[in-house]
1. Only one of (1) open to solvent by less than 100 Å² (accessible area, probe 1.4 Å); (2) modelled with pLDDT under 75 fails for residue 16. Which number is that?
2. Could you run through region 96-109 and say how many residues are among the hydrophobic types (A, V, I, L, M, F, W, C) and surrounded by fewer than 12 Cβ atoms within 10 Å (Cβ to Cβ)?
3. Do we find that residue 93 is in contact with a Ser or Thr (Cβ under 9 Å, 6 or more places away or on another chain) and either more than 30 Å from residue 51 (Cβ to Cβ) or surrounded by 14 or more Cβ atoms within 10 Å (Cβ to Cβ) (or both) in this structure?
4. Being touching a helix residue (DSSP H, G or I) at 6+ places or on another chain (Cβ under 7 Å) and either assigned to a helix (DSSP H, G or I) or within 27 Å of residue 40 (Cβ to Cβ) (or both) narrows it down to one residue among 62, 87, 97; which is it?
5. Answer yes or no as to whether residue 131 is loosely packed, with under 12 Cβ neighbours inside 10 Å, in contact with a helix residue (DSSP H, G or I) (Cβ under 9 Å, 6 or more places away or on another chain) and of a type in the set (Lys, Arg).
6. Does region 67-86 include one or more residues that are over 25 Å from residue 114 (Cβ atoms), in contact (Cβ under 8 Å) with a residue 24 or more places away in the chain and surrounded by 13 or more Cβ atoms within 10 Å (Cβ to Cβ)?
Amino acid sequence: MVVATPPRLMLKQLIKLLVLSPGLLREHAQGYAALASQAWQQHLRVLQLRWALYALALVCGLLALGLGSVSCLLWAALPALSERHVLVLWALPLVWLAGGLLCFTWARSLRLPPLLDQLQAQVKLDVQALRTAQVA
């Protein structure tokens, strides 16, 4: 059963806790800072991976375009190629194109973790702890 406490009583309880244990606020603030830092680092890692995959997809696409152009030129200039060589002329650019599309779809599928959800959950736990301490 959750008892709704007025903000004034909650503030009184918070001040009482801070006066009785002065190091508690410092430790609590350090915990919040560590939690925020961890969430930010995770957010940055996903962003870095996403942009690296986009860059790799771009490089693969440019390689596929360049190799495809060279393949067209070689195929037009050398019409007497056997079927085995023609297959290599077209397979190499298609492999790079498939790799670029794979990197692009992987980058698009990465979702950024919510940045403030962990902090909001911790604040809710702290408020709940203050309420239970006030009731007790």
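The values are calculated or read from the model by the stated rules, or taken from the named source; none is laboratory data. Owing to the predicted nature of the structure, the values given are computational and were not obtained by experimental measurement. Every residue, glycine as well, gets a Cβ built from its backbone with ideal geometry; the counts of neighbours run over all protein chains shown. Surface accessibility is based on the protein's heavy atoms, side chains included, excluding ligands, DNA and RNA. Shrake-Rupley method; radii C 1.70, N 1.55, O 1.52, S 1.80 Å.
1. In the conditions (1) open to solvent by less than 100 Å² (accessible area, probe 1.4 Å); (2) modelled with pLDDT under 75, residue 16 misses (1) alone.
2. The initial filter retains those residues of region 96-109 that are among the hydrophobic types (A, V, I, L, M, F, W, C), namely 96-98, 101-104, 106-107.
Narrowing further to those that are surrounded by fewer than 12 Cβ atoms within 10 Å (Cβ to Cβ): none.
Counting residues in region 96-109 that are among the hydrophobic types (A, V, I, L, M, F, W, C) and surrounded by fewer than 12 Cβ atoms within 10 Å (Cβ to Cβ) gives 0.
3. Working: in contact with a Ser or Thr (Cβ under 9 Å, 6 or more places away or on another chain): yes; either more than 30 Å from residue 51 (Cβ to Cβ) or surrounded by 14 or more Cβ atoms within 10 Å (Cβ to Cβ) (or both): yes.
Yes, satisfied.
4. On the way: 62 fails: touching a helix residue (DSSP H, G or I) at 6+ places or on another chain (Cβ under 7 Å); 87 fails: touching a helix residue (DSSP H, G or I) at 6+ places or on another chain (Cβ under 7 Å).
97 is the lone residue from the list that is touching a helix residue (DSSP H, G or I) at 6+ places or on another chain (Cβ under 7 Å) and either assigned to a helix (DSSP H, G or I) or within 27 Å of residue 40 (Cβ to Cβ) (or both).
5. Numbers: loosely packed, with under 12 Cβ neighbours inside 10 Å: no; in contact with a helix residue (DSSP H, G or I) (Cβ under 9 Å, 6 or more places away or on another chain): yes; of a type in the set (Lys, Arg): yes.
Judged against the criteria, residue 131 is not a match.
6. In the first step, residues of region 67-86 are kept if they are over 25 Å from residue 114 (Cβ atoms); the result is 67-86.
Applying the additional criterion that residues be in contact (Cβ under 8 Å) with a residue 24 or more places away in the chain yields 67-68.
From what is left, the residues that are surrounded by 13 or more Cβ atoms within 10 Å (Cβ to Cβ) are 67-68.
There is at least one residue in region 67-86 that is over 25 Å from residue 114 (Cβ atoms), in contact (Cβ under 8 Å) with a residue 24 or more places away in the chain and surrounded by 13 or more Cβ atoms within 10 Å (Cβ to Cβ).
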